[in-house]
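Notes to accompany the following structure.
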Amino acid sequence: MTPFGKASGAVAAAARGVERCASNSLPKAFSAPFSSGSNNDDVVDDNDDNHFGVWQPNQTTVIFQRMEDKCPDIMKAYASCVVDKQNSGALVQGACEEKFRAVMDCFRSVR
């Protein structure tokens, strides 16, 4: 059995066919994945107009933000109902159905 340490780890990895590489030997594309350079990935997708590293909210996030602006009281009432039912041990499917319908009406109105 080989002693533990860096050398034995490298030997064991080599014996298993695992190749190690130094970070400076990686291709340039992998060295700075969040650089603000152009997107040269040869694939046309939704990210081509965005710079790397700039967060863009997805459609669901945008809709929930609109719901928070338009009907915060409805969302708070539904959340309160769910928490109350959970705390009382009575949270079952349909427990807050009326309030959920109001949330869904709000969702449909902001889509």
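Things to note:
- FRET E, pair Lys70, Glu97, Förster distance 25 Å, beta-carbon r, rounded to 0.05: 0.70
- Computed FRET value (nearest 0.05) for Val83 with Val54, which takes r as the C-beta separation and R₀ as 35 Å: 0.50
Any read-out appearing in this document is the output of simple, stated calculations on the displayed coordinates, not a laboratory observation. Computed from a predicted model, the values in this text were never measured in an experiment. Note that we place each Cβ from the backbone using ideal geometry, even for glycine, and neighbour counts take in every protein chain shown.
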